[in-house]
């Protein structure tokens, strides 16, 4: 049995990163507002008033129906209430997480760019309300930050909702909007600004200053004017690079008084300031002057009406201690794509011990909850036009809330076959629109390992990827969180009783290919540790091409040409900071990575 989960806002303008410089989020191409409106049949402003997840008609995927109260109609036929269907959700003890996808929260307000949904539902789940899906996946919702008068999605930030954003939309629709409900963004912004000037909370500080997300780590927040009734604690949203805030669940607010709050840091939290909103009739908010650093995140399953978050783990799914990936024929026959995926797969396996293997080619050409972990290219219009691919992670659970154990049951990876991929192993050329396949695969497999997003341009799990960027090396934080999940998975049996009958995952030794094994055997690096210089010794006749050194965050430190180099080549790290570095050695047939310590 398989299935899955998932996955008052303030934007501090001085913190919001340059979203225009980021060209892809997970498996998503950036699309302009103009293009979204052009390709949408309905563009509305509205509020999420409820959510309900359901299985599709064939029990292959979980979706969530988000009911929207419509305020304004910018394009399309006026309708007071609609449902926006998004992939992923939780139904009972099954869950599905899909990337990329739009994850909406109740009470969120903003503008939706939509077109008709083609999801087939069971008769019992149909509401009779017109159903749509967002154009541009997670880009299809511009979420309002009313306190700062901003509308933002994962790639774009629009300052001035009534004054500028509405005008920009009208410039593309060439018509006035139709108002169905009285909602005035400017008035709400003005009222919020007055409240901030006269009311608490204020003086927000926190401890510790560096923490992890989705791990039940507890943050202590100090200040004044919080009130005695629980309000909200919000963190930068790692899934959109900090363009918006996400709220801790009410169950994650552990204690609350007028001067101190303790809170578990939610899975989606990213680096940035912390916001506290009180529970007054006219809520007031304040943000911390300093940033909280989130070094890594674990994916959580959210269940029980969206108010309980659970950590997850792996199990012995294939009877051999882990999970087996199977390549569909078209992917298997693409030698370069297969090699790039295998390199990413082996990076996680060799660095963290996760028991993943690549098995026999499969004839299954569909991503669905069917017991097969398939790797494949897409078919026809399967993907949203802006998607580079789509990955689905399925979970099962056992127990009764709040004591439920969740584990991964399946992972499916689908890649767009028309994208201009660089499959490597050569670096990706600096060409707009070309993407590095191994970097994308490494990131998506990180989600499969149950790592969430972070806000850090140098991290493999950063929420966005730039054109022509190679991010092929795991950093210390990636290895640390993955190893912690692996330790949990090899020591705790989540659901041993029938009907689940799970057993623990085992560690997998890192088996190198013949070419990698030969290269690994031939190369010595010394001295290690080093004071600033080290030697790369080639003890064989293998032709080396280059040596590339990265720091633990994946940042490129140096690149050295090894063509026609002597058998012993000195590499200079003088001036670099002390710590661990990754040394990638490339031959004409393989690549290996070794670690070196700079003292």
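Just so it is clear, none of the values below were taken in a lab; they were calculated from the coordinates. Computed from a prediction, not measured in an experiment: that's the story for all the values here. Cβ: placed from backbone, ideal geometry, glycine included. Neighbour counts: every protein chain shown.
Any idea how far the Cα center of the stretch 506-547 sits from the one of the stretch 287-357, in Å? Their Cα centres are 26 Å away from one another.
For the chain, the convex hull drawn through the C-alpha positions has a volume of 155 cubic angstrom per residue. Shape analysis of the stretch 202-313 based on the Cα gyration tensor places the equivalent ellipsoid semi-axes at 21, 16, 12 Å, largest first. Against the empirical curve 2.2 N^0.38 Å, the C-alpha radius of gyration of the stretch 304-344 lands at a ratio of 1.82. Inter-label distance, residue 105 to residue 521: 5.5 nm, where each label sits 7 Å from its Cα along the C-beta direction. Taking label points 7 Å from Cα along the Cα-to-Cβ direction, residue 41 and residue 171 give a separation of 2.9 nm.
Quick one: Kirkwood hydrodynamic radius for the stretch 371-431, alpha-carbon pairs, angstrom, one decimal?
On the way: mean 1/r = 0.0691 Å⁻¹.
14.5 Å is the Kirkwood radius here.
Legend: calculated FRET efficiency, residue 599 to residue 476, from the Cβ-Cβ distance at R0 = 22 Å, rounded to 0.05, equals 0.85.
When 418, 593 are arranged by Cβ crowding within 10 Å, least crowded first, meaning fewest neighbours, the order is 418, 593.
Each 5 Å bin, from zero up to the one with the longest distance, holds this percent of the alpha carbon pairs of the stretch 323-491: 1, 8, 17, 21, 22, 16, 10, 4, 1, 1, 0.
Legend: calculated FRET efficiency, residue 77 to residue 507, from the Cβ-Cβ distance at R0 = 45 Å, rounded to 0.05, equals 0.20. Per residue, the convex hull around the alpha carbon atoms of the stretch 515-598 comes to 82 Å³.
Taking the stretch 514-531 and a reference point 7 angstrom along Cα→Cβ of residue 541, the backbone N atoms nearer than 20 Å belong to 514-524.
When each of the peptides 119-127, 319-327 is scored by the mean number of other C-beta atoms lying within 10 Å of its residues, the order from highest to lowest reads 319-327, 119-127.
Order of 243-256, 202-215 by packing, highest average Cβ count within 10 Å first?
Numbers: 243-256: 19.3, 202-215: 16.9.
Packing proxy ranking, top to bottom: 243-256, 202-215.
Here the extension length gained between residue 282 and residue 569 equals 96.5 nm, from 0.36 nm per residue of separation less the Cα-Cα distance.
Within the stretch 141-156, which residues have the backbone N less than 16 Å from the label spot 7 Å out from residue 420 along Cα→beta-carbon, could you tell me? Output list for this probe position: empty.
So if each residue of separation counts as 0.36 nm, and I subtract the Cα-Cα distance between residue 401 and residue 163, what length gain in nm does that give?
81.0 nm
I'd like the Kirkwood hydrodynamic radius of the stretch 434-476, using the inverse of the mean 1/r over distinct C-alpha pairs, in Å. Display every interim value, and only then the final one.
Details: mean 1/r = 0.0969 Å⁻¹.
Here the Kirkwood hydrodynamic radius works out to 10.3 Å.
Per-residue Cβ neighbour counts within 10 Å put 534, 141 in the sequence 534, 141, beginning with the fewest. Projected over all directions and averaged, the alpha-carbon convex hull of the stretch 19-184 occupies 9.8 nm². The simple spin-label model puts a point 7 Å past each Cα toward its Cβ; for residue 220 and residue 361 those points are separated by 6.1 nm.
Compute the length gained on full extension between residue 119 and residue 290: take 0.36 nm times their separation in residues and subtract their Cα-Cα distance, giving the result in nm to one decimal. Let's see the in-between values first.
On the way: separation 171, 0.36 × 171 = 61.56 nm, distance 4.41 nm.
Full-extension gain reported as 57.1 nm.
Fewest to most neighbouring Cβ within 10 Å: what's the order for 275, 580, 591? It would help to have the intermediate numbers written out before the result.
Working: 275 24, 580 13, 591 18.
With the sparsest Cβ surroundings first, the list reads 580, 591, 275.
Suppose only helical runs count, i.e. DSSP H with n ≥ 4. What mean residue ellipticity at 222 nm does that imply for the chain under -39500 (n - 2.57) per run, divided by all residues and rounded to the nearest 500 deg cm²/dmol?
On the way: 8 runs with 88 residues, N = 599.
About -4500 deg cm²/dmol.
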